[in-house]
Amino acid sequence: MFISLQFKLELKKEDKEKLIKLMRKQSSAIRVAYNMLKELEKEETKNPYTQIYQRLRQLFPELSAGYINSAIFKAKQYPTDKSVVFGGKRLFEKLCKKHLTGKAREKLKKQWKELRQGTLIAIGSRHEAVKGNLLLRFEDLNGQLHLRISTGNREFIYAKVLREPSNSKDKWLTFMAMLLESWQTQSYFPYTVELKLRDGEIYGSVSFEIPTPEVKYTKENGVIAIDTNASPIHLAIAEVSKTGELLSYQAISLHHLLGLSKNAKDHQEWILAHQIVDLAIEKGKAIAIENLKKLKKGTRGDGKAKLRRILHQWNAKKFLQKLKRVATLKGVEVLEVNPAYTSVIGMLKYAPQLGIDKDIAGAYVIGRRALGFKEDTPENYERLLKDKAYLEFVLKRYEEREKEIVELIEKESNEYKRNALKSELRSVENSKKLLTNLIQSLQSEPSSCEGTYGRNPEQGRGDKASSVVWVVLKVALLFPILGRVLPRDLSPLKPVLVEGAWDRMRSRLVPLEAGGTVPMRDF
């Protein structure tokens, strides 16, 4: 499938003048080539190309052979069986009317001249030495996409390309993926570039063929699962076998992307996307990612300035769009899963069990979900949620923390810090309400924790590991046992998870006096 994409160029003043001069020459060559085509057709010349080429070489010695060939190609696109007015017949007719004078006429005349004289085209080639397009070639310059424009005598103009994808389906993402792949593998694809002068600005279009490769790497052999994380900013990658086991894992820091310009950041993201897809190809597996919708970036005054700054500088959704496009071009299947509770399940179930980072554990859950595995609640966790004594202890911990936060709010004079404390207070109040409902439900329905939300335990339950259970477990385990809302070290949960040793854990965690609790905090 051939498509054409539009973009805009940004040039220095002196470079723009050189480019406009070059456009005028080739535009003239196109008109000469067209007129010769018409005459030679009347004479029924069998091979008019040679005569046209030789004539253009005589008239325009400054133009390279590539520009002359491209001029002939462009001339052939115009019909020869009827008259053609270069610059536009309608504009020409308006200019011929004598009543049009002053600024209106000058504006129309400028527009007509731009259409008539403002064209530069170069046909692409698959030849290795041409690298896609010899005369108008896209290149990476200091991490930003530029168009290298040949002006003759081995001299070049470098114009910055201004183009952003409009949405996830924009074919510009495909073009960028193909371009970066060709640079890395030196296996180039042909693309034709045509530049136009409009209102004093240079616009361009690139035409190329999109390949439709066969999907070779599927989930039949497992997946490479990706979890995006903002604090700290990195990718967690887990290799999951087709039977759901964790085979290998790694983390890739994205801190180097912060502070880069938009174009430089885009370029680095494309490189990273290719690296991940190449990893999937090496392992012979599909790729599993989260199906991210609208991402919350926080609001001013929420007390999380550092996190907001990261979220505004890096867009995980746009990176995943690049990853999907590269994978499609290389024949790698991409599976998108609902991200709901993947982090919580990984944190509570697999991080303590396997001794891995909570983000790697989250990626592992994404991979298992993509393969169709369901996450049952561990039996020992379920038994813990039925231990009324433990739940009363947990509720006591939250009550003490609530009192402590109220005191801190009264003493805090910084508005932003007060907002952060108020946010934490709301979280504690919600946790207390959840635990109170759970304790009450144990007295009436000892076998369920779904009643904490006032729901029928059997209604809408698709599997044992309902979302409600994981929310309750997060509240009941993290702060009460580990002292943090989002801890890095989750190994203390292993005795509860594996051995069911909550009695020993509970006897060790004696309720503290007021003011002596461990504060809730993020990692």
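No lab work stands behind these numbers, since they all come straight from the coordinates. Everything numeric in this text was worked out from a predicted model, so none of it was measured. FYI the Cβ positions are ideal-geometry reconstructions off the backbone, even for glycines, and counts take in every protein chain you see.
Applying 1/(1 + (r/R0)^6) with R0 = 51 Å to the Cβ-Cβ distance of Glu379 and Ser166, what FRET efficiency is obtained, to the nearest 0.05? Present the calculation step by step, with values, prior to reporting the outcome.
Details: r = 50 Å, r/R0 = 0.98.
With R0 = 51 Å, the Cβ-Cβ based efficiency is 0.55.
Averaged over every viewing direction, what's the projected area of the C-alpha convex hull for the chain? Give it in nm², one decimal, please. If you can, show how the numbers build up before the last one.
On the way: hull surface 139.2 nm².
Average of the hull's projected areas for the chain equals 34.8 nm².
Quick one: compute the contact order of the chain, relative version, from alpha carbon pairs under 8 angstrom and 6+ residues apart, as a percent.
Numbers: 801 pairs, mean separation 64.9, N = 523.
Dividing the mean separation by the residue count of the chain yields 12 percent.
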- Message: What does the extension gain come out to for Lys242 and Glu43, with contour length at 0.36 nm per residue minus their alpha carbon separation?
- Response: 64.7 nm
- Hey, which of these cross-link pairs are over 24 Å Cα-Cα: Lys242/Lys293; Lys160/Lys293; Lys25/Lys76; Lys103/Lys160; Lys386/Lys432? Lys242/Lys293; Lys160/Lys293; Lys103/Lys160
- Candidate aspartates and glutamates for bridging to Lys433, where Cα separation is under 19 Å - those fewer than 8 sequence places away on the same chain excluded: Asp387, Glu392, Glu399, Glu400, Glu402, Glu404, Glu424, Glu445, Glu450
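Can you give the FRET efficiency for Asp140 and Lys18, using 1/(1 + (r/R0)^6), R0 = 22 Å, r = Cβ-Cβ distance, to the nearest 0.05?
Details: r = 22 Å, r/R0 = 1.01.
Plugging the Cβ-Cβ distance into 1/(1 + (r/R0)^6) gives 0.50.
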- Leu59-Glu214 pseudo-label distance in nm [points 7 Å out on the Cα-to-Cβ vector]: 5.0
- Query: Which is farthest toward the positive dipole end of the chain among Met347, His127, Val326, measuring Cα position about the Cα centre, with Cβ charges +1 (Lys, Arg) and -1 (Asp, Glu)?
  - Reply: His127
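What percent does the relative contact order of the range 34-118 come to when contacts are Cα pairs within less than 8 Å and at least six residues apart? Provide the component values of the computation, followed by the final result.
Values: 41 pairs, mean separation 22.7, N = 85.
Dividing the mean separation by the residue count of the range 34-118 yields 27 percent.
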- Gain in span if fully extended, Lys97 to Leu5, counting 0.36 nm per residue against the direct Cα distance: 29.5 nm
- Message: My understanding is that a pair violates if its Cα-Cα distance is over 23 Å; which of Lys21/Lys82; Lys169/Lys330; Lys219/Lys374 do that in this structure?
- Response: Lys21/Lys82
- Query: Once both axes come from the Cα atoms, what is the angle between helix 13-42 and the longest principal axis of the chain, in degrees from 0 to 90, rounded to 10?
  - Reply: 60
- Task: Tell me the label-point distance for the pair Ile271, Ser83, using the 7 Å Cα-to-Cβ offset, in nm and rounded to one decimal.
- Result: 5.7
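Taking R0 as 35 Å, what FRET efficiency do you get between Glu415 and Ser182 from their Cβ-Cβ distance, rounded to the nearest 0.05?
Values: r = 53 Å, r/R0 = 1.51.
After rounding to 0.05, the efficiency reads 0.10.
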- How far, in nm, would the chain grow between Ala340 and Tyr158 when pulled straight, counting 0.36 nm per residue and subtracting the alpha carbon separation? 60.9 nm
